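The values are calculated or read from the model by the stated rules, or taken from the named source; none is laboratory data. Predicted, not measured: the structure shown is a model, and the values here were computed from it. Cβ coordinates were reconstructed from backbone atoms using ideal geometry, including for glycine residues, and neighbour counts include every protein chain displayed.
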Amino acid sequence: MNLHQLSVRGMLIGMTGFVLLAMLALAGSSLRNTQRLDGALLQVGDTAQAIRRQMDADMMHDAIRSDVLAALLAVREGRVLEIPEIQRDLVAHGERLKLNIAINAKADLGEAVRAQTAATQPRLNLYIDAARQVVAATVRGGQVDARKVAEFEKDFAALEIEMEKLSDLIQRDVEDARKDAHARVSGSKLNTVFILLLSIVAFGLFARFVFGRVVHPLAALASTAQNIRDSGDLTLRAPETENNEIGHSIQAFNALIEKLQAIVRDVRGNSDLIHHASRTLTSTAQDGAIHTAMQARDLAQLADALESSVSRFKV
């Protein structure tokens, strides 16, 4: 397509289309950025919930040990009426610990967290079972079984090590989620800035093209008209560079000046003819005046001669 033949209407349509495309690009980028940010926020929220559940599981881990120690102390001090409540708390804390670990096992927390959760669950079950067995044996026997208590403490320590590993991995996932969210936010900003800069550059180039195809020819036309007005030089012509509405207007202007030049040329030629005829008439009139004067003089001389001749006679 020849750009010099692009009409003003086409330029306006192109500019409108470009603005619409830029708006669509910005809208699409904003939508994509929103989706990315939503994903990042969901990931941060999930990891935050996971760390909260892990912290609750750690508390239940300690609470179970506290329940066991409370039961042992109650049996030793003969406070048997408190045992049923302690056993209910022990069961509730155990179920709550299992539930938190099970939910985190199903959450999208990465392969390392899932592997560590799978390794932690068997020890967790052993720990809960050991706690129940210690309390049950103590209640039945009425005294503390040191061997079972030692095994329970061993299970507690082993589970604590696994729980700390799991907490560290979840905390690492939380940090990774935060970094990913920050990266997504930064990427969204960069995408928006890139699209804006690209739109500005493209719009500037298009505006420069339109400026060169519309404003420059009109400015040249106005300059030519002003020069003709100031100098009266009808040989001047506006440059014809476009084949659109602007170019047609310039062609019409040049045609008008050319016709005006022809009219002035004709008028000037007719004026020369009139001046020649005027000079001819003036010369003819002058010759006639001289001839008339000569005739008058001859008549006067003739009259004088007649009067002189007649004066000799008497009547």
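Looking at Val174, is it over 30 Å from Leu37 (Cα atoms), more than 20 Å from the chain's Cα centre (by Cα) and touching a residue at least 40 places away in the same chain (Cβ under 8 Å)? So Val174 fails the test. Here Lys189 clears all of (1) basic (Lys, Arg); (2) surrounded by fewer than 11 Cβ atoms within 10 Å (Cβ to Cβ); (3) under 56 Å from the mean Cα position of the chain (by Cα) except the condition numbered (2).
Here Lys154 meets each of (1) closer than 17 Å to Thr47 by Cβ; (2) out of contact with any Leu (no Cβ under 9 Å at 6 or more places or on another chain) with one exception, condition (1). Selection within the range 25-62: residues that are surrounded by fewer than 19 Cβ atoms within 10 Å (Cβ to Cβ) and small (Gly, Ala, Ser). The member of this set that is farthest from Ala157 (Cα to Cα) is Ala25.
Among Ala102, Ala130, Ala137, Ala115, which is free of Cβ contacts under 8 Å to residues at least 24 places away in the same chain, assigned to a helix (DSSP H, G or I) and over 60 Å from the mean Cα position of the chain (by Cα)? After ruling out the rest, the residue left standing is Ala137.
In this structure, does Ile86 turn out to be more than 21 Å from Gln171 (Cβ to Cβ) and assigned to a helix (DSSP H, G or I)? Yes. Residue-level check: of (1) surrounded by 15 or more Cβ atoms within 10 Å (Cβ to Cβ); (2) in the same structural domain as Arg36 (by TED's automatic domain parsing), Phe203 misses just (1).
Within the set Leu281, Leu273, Leu302, Leu218, the sole residue that is part of a helix (DSSP H, G or I) and modelled with pLDDT of 75 or more turns out to be Leu218. Selection of the range 145-162 for residues being surrounded by 16 or more Cβ atoms within 10 Å (Cβ to Cβ) and more than 10 Å from Tyr127 (Cβ to Cβ) yields Asp145, Lys148, Val149. As a summary of the residue check, Val91 satisfies the conditions (1) buried (at least 17 other Cβ atoms within 10 Å of the Cβ); (2) assigned to a helix (DSSP H, G or I) except for the one numbered (1). A Cβ distance below 9 Å, combined with a sequence gap of six or more or placement on separate chains, defines the contacts here; from the range 198-217, residues that are at negative phi reach residues that are modelled with pLDDT of 75 or more and outside any helix (DSSP H, G or I) in the pairs Pro217/Ala238; Pro217/Pro239; Pro217/Glu240.
I want to confirm something. Restricting to the range 177-186 and keeping residues that are touching a residue at least 40 places away in the same chain (Cβ under 8 Å) and either surrounded by fewer than 16 Cβ atoms within 10 Å (Cβ to Cβ) or among the acidic types (Asp, Glu) (or both), which single residue is farthest from Leu97 (Cα to Cα)? Looking at residues that are touching a residue at least 40 places away in the same chain (Cβ under 8 Å) and either surrounded by fewer than 16 Cβ atoms within 10 Å (Cβ to Cβ) or among the acidic types (Asp, Glu) (or both), I get Val185. For the range 46-88, the set of residues classified as within 16 Å of Asn100 (Cα to Cα) and small (Gly, Ala, Ser) consists of Ala48, Ala50, Ala57, Ala63, listed by residue number.
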